[in-house]
1. Are any residues in region 123-144 closer than 14 Å to R161 by Cα and either assigned to a helix (DSSP H, G or I) or touching a Phe, Trp or Tyr at 6+ places or on another chain (Cβ under 9 Å) (or both), and if so, which ones?
2. If you scan region 149-168, which residues turn out to be within 16 Å of A102 (Cα to Cα), open to solvent by less than 10 Å² (accessible area, probe 1.4 Å) and among the aliphatic types (A, V, I, L, M)?
3. Give me the pairs, please: first residue somewhere in region 126-138 and in contact (Cβ under 8 Å) with a residue 24 or more places away in the chain, second residue anywhere and of a type in the set (V, I, T) and open to solvent by 20 Å² or more (accessible area, probe 1.4 Å), beta-carbon distance under 7 Å, and either six or more positions apart or on two chains.
4. A113 passes all but one of (1) assigned to a loop (DSSP other than H, G, I, E, B); (2) farther than 13 Å from L304 by Cα; which number fails?
5. Pull up region 204-231, narrow it to residues that are exposed (fewer than 11 other Cβ atoms within 10 Å of the Cβ) and in a loop (DSSP other than H, G, I, E, B), then point me to the one that is modelled with the highest pLDDT.
6. Residues in region 81-100 that are surrounded by fewer than 20 Cβ atoms within 10 Å (Cβ to Cβ), touching a residue at least 40 places away in the same chain (Cβ under 8 Å) and within 11 Å of A56 (Cβ to Cβ): how many?
Amino acid sequence: MPDLPSEPHPTPPSDRARPTGARALPPPAPDGEPPGGAPGALFGELLGLLLPTPCAGCRAGRVQLCRSCRAALAGARPGPTAFRGVHAAAPYADPVRRLLLAHKERGALRLAAPLGEALAGAVRSALGPLPPGTPVLLVPVPSTRESVRARGHDPTLRLARAAARALRRDGRPARVAAVLRHTRWVADQSGLSAAGRRRNLQGALVVPPGLTHRLAAAHPPGPAPDRNRARRRRPAPDGREGQRTGDQGTRGQRTGDQGTRGQDTGGQRTEGRRTPGHRGDHRSGGRRAGRQPAPCRVVLVDDLVTTGASLAEAARALARAGAPASAAATVAATALRRQPG
């Protein structure tokens, strides 16, 4: 995926960095969540069950997501953004904006499923038609450890998991690989220009060596071994093939001296094995030996794209790890190009 260009639109506050004065270290858990789950976010969910709150999208009713906002989210038309290779489900406007903020900042975890469905739609739009069975690997753009601790959960990772479940329901073998880590402290991105954000994040993300194995499916498969080549043998000195020792053990014999395939008959030799052109060879090993699994498609995912700086740095980190991203997808974008019709 090429580098993402800057965007001339105003940028909302970013969650990728918070001024803590300390270096951002890798998350303590492999999935990016704090050990033992997200107590603050879970408490908010429990409180929401006991004391119903208005809709997070329109502030009406007594449910977290009303029918109108749910329909608006489900009916979103994913499409390309101002950045090449990046697709989003919807523009960054209400009610989607409010839903994203409620999930991210207020721990409205039940919104992860509908928001994940929207993210899955953006993934489908970004990848386009794929051969059946093509595996998809979703790599979420990470938040800092301080942000995860303050919120009690990693919102982007949670959305990625919900999107992977939605893709699997459609028959696409999708999984999540949270392999990106911060290598250093980065400043709070809110208020920074597009160029400032790029400078702030330059070289800040990496795939640690201990996590590269989770990207193994994304590496292009090597050529399949030729099984028939290993079976081929040099002709015996007497010009006969298919025999192991002496006149016994002739391959291809079925009964007596008749039907022998490894003997000289009338000055002509018939080989005691099937030639590579034989149709039985194709059924047994020829075709299977040349068949390769479908290459895995790596997709960077995030909740929102504004300047594209986070996605660009994440794409460079994956490329350095030998698993370049095929595309990127987000729930919302500050600039969404609508295709005609």
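1. V123
2. L157, L159
3. Correct list of pairs: L138/V176.
4. (1)
5. P220
6. Number of matching residues: 2.
The values are calculated or read from the model by the stated rules, or taken from the named source; none is laboratory data. Model, not experiment: these values are computed from the prediction. Backbone-built Cβ (ideal geometry, glycine too); neighbour counts: all protein chains shown. The area values use the complete protein model at the heavy-atom level, side chains included, leaving out ligands, DNA and RNA. Shrake-Rupley method; radii C 1.70, N 1.55, O 1.52, S 1.80 Å.
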